[in-house]
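Working notes for the structure below.
The values are calculated or read from the model by the stated rules, or taken from the named source; none is laboratory data. Just so you know, these numbers come straight off a predicted model, no measurement behind them. Every residue, glycine as well, gets a Cβ built from its backbone with ideal geometry; the counts of neighbours run over all protein chains shown.
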DNA sequence: TTCCTAATTATTCAACCGTATAATAACGAA
DNA sequence: TTCGTTATTATACGGTTGAATAATTAGGAA
């Protein structure tokens, strides 16, 4: 009776593997299908190892939630800061990134929804949600402020915040629609719809590259 | 040893009780806490009864999902047709109803999210989602068309659909934001934000009651 | 009232859950 | 090379799960 051979991984990559396996299981099998055993099998380890890296299953779930949200926010923030120094182009790219893969993606949406449904159940999830919401909104608020200044306005904080709330809503709503039933309006690409909508919300400011 | 006494209910009300108990458990305990036993206890019956009314637990979940979505859509549709014959006031009330209780409510949002997270897992859930999405959007599309006509436009179907998609997005996004972190902007009531946003999206058409 | 039907309870089952503990093998240090 | 540490596996445990079956009792029909 010989034991299974294994590889000793670094703590960082093992945790990452386990979290990714957790996310895979949740998105493919649902929350009640993402058991410790299935997650371990997906990660190629035995179930006991999970409790060597996480104090309990819930702890791993919370870390996985944080991972998803920081991943999304940093991806769209990076898209905004990628090329253009132009504030309008930055906001434009930010919006498009929110409505394109890998953010606009069935797997990501399933994960987000699964975690959101636990916000009311577990205060730890509520805190993670609040953190990630505020982080996202503050990025958006800064982008909006720069656009308004670039357009010659002198916006106060309240207006920027209200616009950020609204634009966040537009992005979220179209993100959900586009990801869940995107096949229904493939002839009406959502990024374009979103840009037009935000331009209207901004009072007609164009987000196209400056002439 | 005497058996527990019980009441023989009609099929309709028993099914309704079981579905409501299912929804209560999902929203309070999460998907993996909504077990057959907990649901039965909440409904005041024994677990075996569930399989007398539903072929399996999943079947009951699907019926519960359908119940949530038809409840939401019919609530907001009723709000739109309640008082005003004025198309603008109808759309106005429709939007406000979407962002007010009982639609904008933590329990409802938790349920919606829990079910959405299963759309990718189970094709039956995907079908229910598609049905309810199309039902909602077609109500909204009709409201938008009437508003445009009332404003003197002669809108084509494509424009109405695109506006409905966008407005649906705004409503969904603000609904989520408002329900999850509504306490953050109690001084900026979301219904007002939504109305202003939709007015902007409609090109400046006012949704206030006609003068 | 008496009887029949089926709604409801009670009980059982195999499978699976998350967690705990002990044995072992991988791999860096010396 | 040898040794020690610890990451990893193996195994076990008590409790829970969804489902199946059998026993009963409620409530209408006759």
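With respect to residue A:199, determine if the residue is within 11 Å of chain B (Cβ to nearest Cβ) and surrounded by fewer than 15 Cβ atoms within 10 Å (Cβ to Cβ). It is false that residue A:199 is within 11 Å of chain B (Cβ to nearest Cβ) and surrounded by fewer than 15 Cβ atoms within 10 Å (Cβ to Cβ). Filtered by the rule that a residue be within 7 Å of DNA strand C (Cβ to nearest atom) and modelled with pLDDT of 95 or more, the stretch A:1-24 gives no residues.
Condition check for residue A:106 on (1) in contact (Cβ under 8 Å) with a residue 40 or more places away in the chain; (2) surrounded by 19 or more Cβ atoms within 10 Å (Cβ to Cβ); (3) within 20 Å of residue B:168 (Cβ to Cβ): one failure, at (2).
When B:27, B:55, B:74 are checked against the criterion of being within 27 Å of residue B:135 (Cβ to Cβ), more than 9 Å from DNA strand C (Cβ to nearest atom) and in contact with a helix residue (DSSP H, G or I) (Cβ under 6 Å, 6 or more places away or on another chain), a single residue qualifies: B:27.
Report yes if some residue within the stretch A:165-183 is more than 20 Å from the chain's Cα centre (by Cα) and part of a helix (DSSP H, G or I); otherwise report no. The answer is yes, given that some residue of the stretch A:165-183 is more than 20 Å from the chain's Cα centre (by Cα) and part of a helix (DSSP H, G or I).
Answer yes or no: is there a residue in the stretch B:7-19 that is closer than 22 Å to residue A:30 by Cα and either buried (at least 17 other Cβ atoms within 10 Å of the Cβ) or without any contact (Cβ under 8 Å) to a residue 24 or more places away in the chain (or both). Looking for residues that are closer than 22 Å to residue A:30 by Cα and either buried (at least 17 other Cβ atoms within 10 Å of the Cβ) or without any contact (Cβ under 8 Å) to a residue 24 or more places away in the chain (or both), one finds at least one in the stretch B:7-19, hence yes.
Is one or more of the residues making up the stretch B:162-171 more than 25 Å from residue A:199 (Cα to Cα) and more than 8 Å from every other protein chain (Cβ to nearest Cβ)? No; the residues of the stretch B:162-171 include none that is more than 25 Å from residue A:199 (Cα to Cα) and more than 8 Å from every other protein chain (Cβ to nearest Cβ).
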